Amino acid sequence: SKSTLSYSQRAKGHANPLVRKLFAIAEEKKTNVVLSADLTTTKELLAIADSLGPYIAVLKTHIDILSDFSEQTIQGLLDVAKRHNFLLFEDRKFVDIGNTVQKQYKGGALRIYEWADIVNASILAGEGIIQALDQVVNDSGDAERGILILAEMTSKGSLAVGEYTRASVEIARKYPKSVMGFVSTKELSSHSPNSAPEEDFVVFTTGVNISSKGDALGQQYQTPTTAMEGGSDFLIAGRGIYAAEDPVTAVRQYQKAGWEAYERRIAR
Ligand code: 6AU
């Protein structure tokens, strides 16, 4: 497992330029926090991105929940990401057949490909969906774009377990240029028999909250510390941060907990 190496050690040997950039941001800002900015107006989204930007490595959006999405939303996100040096991750959870997904990724009203560094997809529909997204990424010229496979889910009763999760890892291995890693509750790939020595998938873990165990609709949480101990590389937190009384204090608390757990892990 690569999880006892530092982000900069992993960046050095990594074949994917977007992963190298992500690791460099994490080291420079000393943060592995991904803010899940699930706000519903452009003004609120850009305001929280600006005030919490210094403390995060990635801003995760659900662009389709905005009531006033426009060109200004895209421009605002690109500006704030540049100002505070973080990546943009659109949590689109693509799930359809390849042909449809290419259109959803490249075009449509949301033009996700144009502005989002990272997107996620599930393999419910089979390998074709990843092949389709990989094609868009590879045909794209200069833009550095990455895909995360949603290999598990945090909600109660999730069916993304066992063989499904193992298949997610096997498919990821076939698309190393575009698939940068997983959304999962823990590190997945190094325990599997087909793991190559140079393989280094990035693990994004959601369902992270310091003060709550879950919500009324099936969400289940773990803490930043347990997530990092399980081999996570980046912690996705939403309500634990943006819905706190003081989001700046909260994000710094998640940053500190995540970074200290990371330092303990690489010191082993
Ligand atoms: O911290 P929360 O519970 O306020 O928000 C968690 C965020 C939400 C979910 O849509 C998303 O993480 N999420 C995902 C992702 C990131 O793909 C997968 C999952 O299994 N569970 C989950 O909560 O924006």
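The values are calculated or read from the model by the stated rules, or taken from the named source; none is laboratory data. Everything quoted here is computed from the prediction, not taken from an experiment. We place every Cβ from the backbone using ideal geometry, glycine too, and count neighbours over all the protein chains shown. Heavy atoms of the whole protein, side chains included, go into the accessibility calculation; ligands, DNA and RNA do not. Shrake-Rupley method; radii C 1.70, N 1.55, O 1.52, S 1.80 Å.
Annotations
- Semi-axis lengths (Å, descending) of the ellipsoid that matches the C-alpha gyration tensor of region 150-213: 23, 13, 10
- Accessible area per residue in Å² at 1.4 Å probe, computed on the chain: 45 Å²
- Loop-resident sites, region 200-268, for GluC sites (Glu not before Pro), counting at most 10 other Cβ within 10 Å (DSSP): Glu245
- Formal net charge of residues neighbouring Val33 (Cβ-Cβ distance under 13 Å; K, R +1; D, E -1): +3
- Cα pair count fraction exceeding 20 Å, expressed as % - region 208-264: 21 percent
- The alpha carbons of region 1-110 stretch over 41, 37, 18 Å along the principal axes, in descending order.
- With Rh defined as the Kirkwood radius, the inverse of the mean 1/r over Cα pairs, the Rg/Rh of the chain is 0.93.
- Alpha carbon convex hull of region 135-268, volume per residue in cubic angstrom: 144 Å³
- Filter on Lys82/Lys106; Lys29/Lys60; Lys12/Lys256; Lys2/Lys82; Lys60/Lys213; Lys29/Lys256 - keep pairs with C-alpha separation over 19 Å: Lys82/Lys106; Lys12/Lys256; Lys2/Lys82; Lys60/Lys213
- Surrounding net charge for Ala15, when Lys and Arg each add one and Asp and Glu each subtract one, Cβ distance under 12 Å: +1
- Bridging of Lys103 to aspartates and glutamates at a Cα separation below 19 Å is possible for Asp64, Glu71, Glu90, Asp91, Glu114, Asp117, Glu127, Asp134, Asp139, Glu144, once same-chain residues fewer than 8 apart are set aside.
- Net charge contributed by nearby residues that have their C-beta within less than 12 Å of Lys43 (K/R +1, D/E -1): -3
- For region 12-150, averaging the sequence separation of C-alpha pairs within contact (under 8 Å, six or more residues apart) and dividing by the residue count gives a relative contact order of 20 percent.
- The alpha carbon convex hull volume per residue for region 114-188 rounds to 91 Å³.
- With contacts taken as Cα pairs under 8 Å at a separation of at least 6 residues, the chain carries a relative contact order of 19 percent.
- Percent carbon-and-sulfur accessible area, the chain, ignoring ligands, DNA and RNA, probe 1.4 Å: 52 percent
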